[in-house]
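Report on the structure given below.
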Amino acid sequence: MTDDHLYHVDGELVPADEATVSVDDRGFRYGDAAFETLRAYGGTLFAWDAHVDRLERTCDLLSLDHGLAPDDLRARIDETLAANGLADAYVRLSITRGVQPGKLTPQPAVDPTVVVYVKPLPRGGLEGESVWDGPATVATVETRRIPDQAILAAAKTHNYLNGILARAELDAGTDEALMCDREGRLTEGATSNLFFVRDGALYTPTTDGPVLPGITREIVLELARRADIEVREGRYEPADVSDADEAFLTNRTWELRPIATLDGRDIGGGPVTERLSRLYDERVEQSCYSD
């Protein structure tokens, strides 16, 4: 895809250098918007139903009644992929509250701004390749995850300042910032969920705390249970991961990415990580590439 790729903005395909939103748009002014990051594999949107359900939950939490049907949103994504000639791609779908009078209080009547952006990614599945160059270097940071009592972690909004501040703490060459809650217990990365393995059991921070219920996270947990891997969701400290046998991060783009080091201490992947990665690839292959 060249620099003349197309965005989908409010129902129209627009060249990248012409794709704009109003400076009065609430998504720009206040981060008053919901979004989803998806992956298309072989022209199929992986786990679309889960993504659209989470998008609707975010919009409900924001009281953003956009009035758009899932089929309409899906059609805009499919049109954008086709217009850019992409079958394997990163996809971002954003819905803002649109332009409203210059007051903080949102108005019930919404004329939403809807933007679809895509970019090419490698083939996934059993014959695919990773989007990352190697296992991740990770550091715990001082920035704390915003508590659910302030902003619900389940709301996937345009307001990413928490993650930006966390990433700003990182030294050059560090891939991900790992955040804790106010009590110093692990939550998640700036753009990823955390897993670690001890004595063959799989651990991950619970979504009862300020942790985004990642869709890749949920798929990994499902695959682990189906494979009779013991799963534990709870509250853990950085030392629990530093002493782990294996550790990895998940998000829609990375899929499963092993953690090479945490705060300079070697961890790496291992048999459980490799097995779950294989199972994930099999799920993608079956869901998106099989005839």
Listed residues LEU186, LEU152; which is surrounded by 21 or more Cβ atoms within 10 Å (Cβ to Cβ) and among the aliphatic types (A, V, I, L, M)? LEU186
Being in contact (Cβ under 8 Å) with a residue 60 or more places away in the chain, among the hydroxyl-bearing types (Ser, Thr, Tyr) and over 25 Å from ARG182 (Cα atoms), is that true of even one residue in region 242-258? yes
Region 118-145 - residue that is of a type in the set (Ser, Thr, Tyr) and buried (at least 19 other Cβ atoms within 10 Å of the Cβ) and, of those, farthest from LEU256 (Cα to Cα): THR143
Does region 89-102 contain any residue that is out of contact with any helix residue (DSSP H, G or I) (no Cβ under 9 Å at 6 or more places or on another chain) and without any contact (Cβ under 8 Å) to a residue 12 or more places away in the chain? yes
Considering GLU255, GLU233, which residue is closer than 24 Å to ALA155 by Cα, under 18 Å from the mean Cα position of the chain (by Cα), modelled with pLDDT of 95 or more and of a type in the set (Asp, Glu)? GLU255
Being in contact with a strand residue (DSSP E or B) (Cβ under 7 Å, 6 or more places away or on another chain) and part of a loop (DSSP other than H, G, I, E, B), is that true of even one residue in region 51-60? no
Taking strands (runs of 3 or more DSSP E) that fall entirely within region 85-166, which contain at least 2 residues that are touching a Pro at 6+ places or on another chain (Cβ under 8 Å) and β-branched (Val, Ile, Thr)? 89-96
Hey, any hits in region 162-181 for a residue that's in contact with a Gly (Cβ under 6 Å, 6 or more places away or on another chain), assigned by TED's automatic domain parsing to the domain that holds THR261 and surrounded by fewer than 17 Cβ atoms within 10 Å (Cβ to Cβ)? no
Flagged in region 37-51 as over 12 Å from the mean Cα position of the chain (by Cα), surrounded by 20 or more Cβ atoms within 10 Å (Cβ to Cβ) and not aromatic (Phe, Trp, Tyr), in numbering order, are ALA40, LEU45, ALA47
Return a yes/no flag: does region 180-188 have any residue that is farther than 17 Å from VAL241 by Cβ and part of a strand (DSSP E or B). no
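The values are calculated or read from the model by the stated rules, or taken from the named source; none is laboratory data. These figures come from a predicted structure and were not determined experimentally. Every residue, glycine among them, receives a Cβ derived from its backbone with ideal geometry; neighbour counts consider all protein chains shown.
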